[in-house]
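A short reminder: the numbers here are calculations on the coordinates, not readings from a lab. Not measured: the values here are computed from a predicted model. With ideal geometry, Cβ positions are generated from the backbone for all residues, glycine too; neighbour counts draw on all protein chains shown.
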Amino acid sequence: MSNLKIAVVIGSTRPGRNGKTVADWVMAQAAGRTGADYEVLDLLDYPLPHLDEPMSAKAGPGTYTQDHTKAWASKVAEYDAYVFVTPEYNHSTSGVLKNAIDYLYAEWNNKAAGFVSYGGVGGARAIEHLRGVLSELQVAHVQQQLSFSLFTDFENFSAFQPAEIHATFAQVMFDQLESWAGAMRSVREATALAAV
């Protein structure tokens with residue numbers, strides 16, 4: 001069986017964002033793991049306007065009308081799982097990440113997700129909102145999450161210097177995510193066979 005393919009999604013596109021630095025740290029923690037290949041998926045590379053598809057994503061990929069939707073769908077479909085790196089804005093995730101998620105449906109189904117957040121209180125409320133959103137999309141999300149405080153894990157709110165304990169928690173999250181991603185791959189394969 002081929003390695004799992006896991007995207008580390010940078011959920012902010014703001015100038016001066018902290019998300020890229022946090023995602024780079026996540027990638028460094030994932031380096032050397034066997035059985036899964038991690039890569040960054042940056043929303044800056046997929047500039048999506050506010051949702052502009054005339055049909056609900058639940059209608060299926062065949063109903064997508066916009067080239068940007070088709071490109072985003074093709075990329076998201078490549079992965080078995082995702083690590084969402086999210087800031088916390090006003091007790092929730094970023095608008096750009098929510099918009100990117102809302103564009104698609106089938107491409108997310110029966111995949112797995114982990115969460116890494118940052119904010120004034122660690123971004124935990126952003127993760128709680130994402131858990132509800134992803135449940136609706138049939139994404140199995142793991143228990144272990146990473147939450148970084150702008151007050152204790154960043155110097156001057158911008159230089160990322162996480163406490164050492166986070167590296168241990170990252171490995172727990174990866175273990176859980178890879179286990180669930182493998183299980184969900186089996187679910188997708190069984191569903192595909194049943195449809196033949």
Suppose we keep just the DSSP beta bridges with both residues in region 38-161; what percent of those would be antiparallel, to 5? 15
Note down the magnitude of the dipole of region 4-194 about its Cα centre, charges +1 on Lys and Arg C-beta and -1 on Asp and Glu C-beta and zero elsewhere, to the nearest 20 debye. 220
For the chain, what is the calculated [θ] at 222 nm in deg cm²/dmol (nearest 500), taking -39500 (n - 2.57) for each run of four or more DSSP H residues and dividing by its residue count? -12500 deg cm²/dmol
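Taking all pairs of different Cα atoms in region 32-148, averaging 1/r and flipping that mean, what Kirkwood radius in angstroms comes out? Before the final figure, lay out each step's value.
Numbers: mean 1/r = 0.0673 Å⁻¹.
Mean inverse Cα-Cα distance, inverted, gives 14.8 Å.
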For region 101-187, taking Cα atoms only, what is the radius of gyration to one decimal and the Dmax to the nearest whole Å? 14.5, 45
Diffusion constant of region 1-60 at 10 °C, which comes from Stokes-Einstein with the Kirkwood Cα-pair radius and 1.306 mPa s, µm²/s: 115
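Pairs of alpha-carbon atoms within less than 8 angstrom and 6+ residues apart define the contacts here; what relative contact order does region 111-151 have, in percent?
Normalised by residue count, the contact order of region 111-151 is 60 percent.
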